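The numbers here are math on the coordinates, done by the rules we state, and not lab data. This one's a predicted model, so the numbers in the text were calculated from it and none came from an experiment. Using ideal geometry, Cβ is built from the backbone for each residue, glycine included, and neighbour counts are taken over all protein chains shown.
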Amino acid sequence: MKIALAQINTTVGAFVSNAAKVRQYALRAASQGAKLVVFPELTLPGYPPLDLLDRPAFIARNLAALDDLARFSATIDAALLVGFVAENPDDFGKPLYNAVALLEGGDLRAIRYKTLLPTYDVFDEARHFEPAERREVIVWQGYRLGVCICEDAWNSRDFWDAHLYDLDPVRELAEQGAQVIINVSASPFQRGKGALRQAMLAHHAETLGLPVILVNQVGGNDGLVFDGRSLVLDARGELTLEANAFEEDLRVVDLADLPAPVTPRVSDEIGDIHDALALGVKDYLGKCGFRQAVIGLSGGIDSAVTAAIAVRALGRENVVGVAMPSKYSSRHSLEDAAELARNLGIAFHVVPIEPAVEAMTRMLTPSFGFAPHGVTEENIQARLRGVTLMAFSNQHGCLVLTTGNKSELAVGYCTLYGDMCGGLAVISDVPKTDVYRLAAYINRHQAIIPARTIAKPPSAELRPNQTDQDSLPPYDLLDAILERYVERYQSVQEIVADGFEQAVVEQVVKLVNRNEYKRQQSAPGIKVTPKAFGRGRRVPIAAVIED
């Protein structure tokens, strides 16, 4: 039997276009001889739908789209496995199920529900969905299909050291005589996750003696990016097929004659992060109705990397760079910004902010009794730059991309309504040390980001001779502490025990805790690490946090 892996990019709530994409890929798969075409988790509503699931009209449109696809299935010589939202007919429990339907010959042949509903990190599926009470194979065309949904495959008893659930749906399906495990998934990207996902599924295949098929969603939806990488493993756990990463793909495999094992593609971690960010930018703008982006170019490495990623995502004709020098801006910063714009081939404008700073100073001095200075003067500059970029946004209908990195956001080294002003925070989950790695990756074939931009000490240039390290630890040290505190949840004493100076650790932790209010007002960012700021890290603002 030939099975097609339809790795598609869906948009939340776009039922018409999502269903059209299902029909398109189903026809292509059928033309290649596929008898079963498998689509990702929640194919029709898109993933994650979040609280749109509370809207009756949303559920009704999802069910109508499923009915339309069922009728379509009568027109092709193939069955479809399609993710959708099913209603719970019982008068108890959550009102919905995360479900997958088998459609064939104009009918809905079978429905299976998701059992394990994640409620950690960015996931909150138990908020809306009822877990399946039973796990049952689907008997179809003489085959016993072990169909499960995403998280259902993530609780193997002998693969993980700790377990969130009592059940192992994959093993239950195997014990019922499943001949193949088919996992329909919407598994978001984060660094290193692809290899872990493959190893986990290979463990299932090897220990159960069954081939395993994963069909994973691809594309960006808000701050999540889905990397695809759908795959087929034989009964020994050997990889026999691997779909492309970060792009739609269709692969057809014969279950009775699986290909010979292939060597897994070597995953370049920083290259994956780059591609994830580019896809996230492309889909965020495209799915939100924007075509162009505008970026403040300071001559520094953060804005340079952001601009290069935007060009990769949108094309050079759709990216605008704006330099906004003040009296503290160095000549080389403006030169580096202009050189970057030339190298990228993007439109470039220079809008000095000094006249506006002077006007603000004159306006405020009578009330202050003296001219604004210190942090007040610095933040006036940053906020006037934000106003300038938003003017470009309003005038030209483009989206402002913020350029702050994760290290800065963690410790509050950023200005509300200033450099935090924008519609998407592209590198807000990228530590500063990885920003440098991204710059090297972008320059791997030719010099796009100027060498001086990479070599010079980072500076906000909001006062004379300012550098980031005036008030922050060196970034390699800062990032090492942040990774332990934010991602591993280590305490101050645990971090100190790893060899870090206690005073420095306490300073960093204090800054992280004190600046939660800023992060909760920041633009949405693209998740690429195990713990990003935003929906996956819910910390109160008014709280005493003792570490």
Quick check: net charge around Val253, other residues with Cβ under 13 Å of its Cβ, Lys/Arg +1 and Asp/Glu -1?
-2
Helix 432-442 vs. the chain, principal-axis angle (Cα, 0 to 90°, nearest 10):
70
Counting Lys and Arg as +1 and Asp and Glu as -1, what is the net charge of the other residues whose Cβ lies under 10 Å from the Cβ of Gly418?
0
Compute the Rg/Rh shape ratio of the range 1-144: radius of gyration over Kirkwood radius, all on alpha-carbon atoms.
0.96
If you average over every viewing direction, what projected area does the convex hull of the Cα atoms of the range 193-282 give, in nm²?
5.8
Would you kindly calculate the mean projected area, averaged across all directions, of the convex hull enclosing the Cα atoms of the range 403-547, in square nanometres?
9.6
Under 17 Å from the Cα of Lys456, which aspartates and glutamates turn up, not counting those fewer than eight places away in the same chain?
Asp302, Glu335, Asp336, Glu339, Asp434, Asp468, Asp470, Asp476
Could you tell me which of the pairs Lys327/Lys531; Lys35/Lys282; Lys193/Lys432 are separated by over 31 angstrom between their Cα atoms in the structure shown?
Lys327/Lys531; Lys35/Lys282
Could you calculate the contour length gain from Ser31 to Asn465, that is, 0.36 nm times the residue separation minus the distance between their Cα atoms, to one decimal place in nm?
149.7 nm
Calculate the FRET efficiency for Arg265 and Arg444 from the Cβ-Cβ distance with a Förster distance of 22 Å, rounded to the nearest 0.05.
0.80
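Report the gain in length on full extension from Arg342 to Ile111: 0.36 nm times residue separation, minus Cα-Cα distance, nm rounded to one decimal.
77.6 nm
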Estimated inter-spin distance, Ser491 and Glu136, nm [label 7 Å along Cα→Cβ]
5.0
Rounded to the nearest 500, the 222 nm mean residue ellipticity computed for the chain from DSSP H runs (n ≥ 4, each -39500 (n - 2.57)) alone is -11000 deg cm²/dmol
Can you give the local net charge around Lys2? Use residues other than it whose beta-carbon is closer than 14 angstrom to its beta-carbon, Lys and Arg +1, Asp and Glu -1.
0
Based only on other Cβ atoms within 10 Å, what is the fewest-to-most ordering of Leu117, Leu277, Leu52?
Leu52, Leu117, Leu277
Stretchable slack from His163 to Ala57, in nm (0.36 nm times residue separation minus alpha-carbon distance):
34.5 nm
Show me 127-139, 474-486 ranked by packing, highest mean number of other Cβ atoms within 10 Å first.
474-486, 127-139
Report the semi-axes of the equivalent ellipsoid for the range 2-257 in whole Å, largest first, where each axis is √(5λ) for an eigenvalue λ of the Cα gyration tensor.
24, 22, 18
Cα convex hull of the range 485-535: how many Å³ per residue?
83
Could you compute Rg(Cα) / (2.2 N^0.38 Å) for the chain, with N its residue count?
1.06
Taking Cα atoms of the range 273-468, Rg/Rh with Kirkwood Rh, to two decimals?
0.96
